[in-house]
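A short write-up of the structure that comes next.
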Amino acid sequence: MKNICYYTSDIGKIGIADNGSAITNLYFEHDAVGDDAIIYETELLKKAGQQLQEYFAGERKAFSLPLAPQGTGFMQQVWHSLQSIPYGETRSYEKIAKNIGNEKACRAVGMANNRNPIPIFIPCHRVIGKNGKLTGYRAGLRIKTYLLELEK
């Protein structure tokens, strides 16, 4: 069972979910939320919502929340690497693959990036193509562009 609470943001309604001790998911407006979620604002969700508002206001450059994304060991490596990308900077899929010690895994890094259950808090929007071009984003390239512009 997950707790979920919805917050208004510059990019639309965002749902944040926790498992009672850590953030497990961030849902964009059109994402499907599983049947295992109950609407209830815990203290942790309140803190996450506040930090998200500070981020959108340009007042927060790093989040300080316990995160518990669910995924394979490889996905966990990728998501951990994403968290090391500094605010306002980007990295290529290739650079992330090299960072986790598997330089030929660019496509797999892209798939793990796509399956990130806690976007923004785990900044998958900071990953771009090798040529510097924007690539896909679960919430769409318009929102990815907005997040990158916000961080400039």
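See the values below:
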| read-out | value |
| --- | --- |
| Every pair of residues 6+ apart whose Cβ atoms lie under 6 Å, when the first sits in segment 24-53 and is closer than 20 Å to Ile122 by Cβ while the second is modelled with pLDDT under 90 and in a strand (DSSP E or B) | none |
| Meets criteria (more than 22 Å from Leu134 (Cβ to Cβ) and not in a loop (DSSP other than H, G, I, E, B)) for Lys47 | yes |
| Residue match in segment 2-15 (condition: over 21 Å from Ala139 (Cβ atoms), at pLDDT 95 or above and in contact with a strand residue (DSSP E or B) (Cβ under 9 Å, 6 or more places away or on another chain)) | yes |
| In segment 112-152, residue farthest from Glu29 (Cα to Cα) [restricted to those that are among the small types (Gly, Ala, Ser) and free of Cβ contacts under 8 Å to residues at least 60 places away in the same chain] | Gly132 |
| Every residue from segment 26-47 that is surrounded by 13 or more Cβ atoms within 10 Å (Cβ to Cβ) and closer than 16 Å to Pro117 by Cα | Leu26, Tyr27, Phe28, Glu29, Asp31, Val33, Ala37, Leu45 |
| Segment 63-99: number of residues that are touching a helix residue (DSSP H, G or I) at 6+ places or on another chain (Cβ under 6 Å) and crowded, with 19+ Cβ neighbours inside 10 Å | 10 |
| Considering residues of segment 4-16 that are more than 17 Å from Cys124 (Cβ to Cβ) and among the hydrophobic types (A, V, I, L, M, F, W, C) only, the residue surrounded by the most Cβ atoms within 10 Å (Cβ to Cβ) | Ile4 |
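The values are calculated or read from the model by the stated rules, or taken from the named source; none is laboratory data. This structure is a prediction, so every number in the text was calculated from the model and none was measured. When we count neighbours, we look across all protein chains shown, and the Cβ atoms used for this are built from the backbone with ideal geometry, even at glycine.
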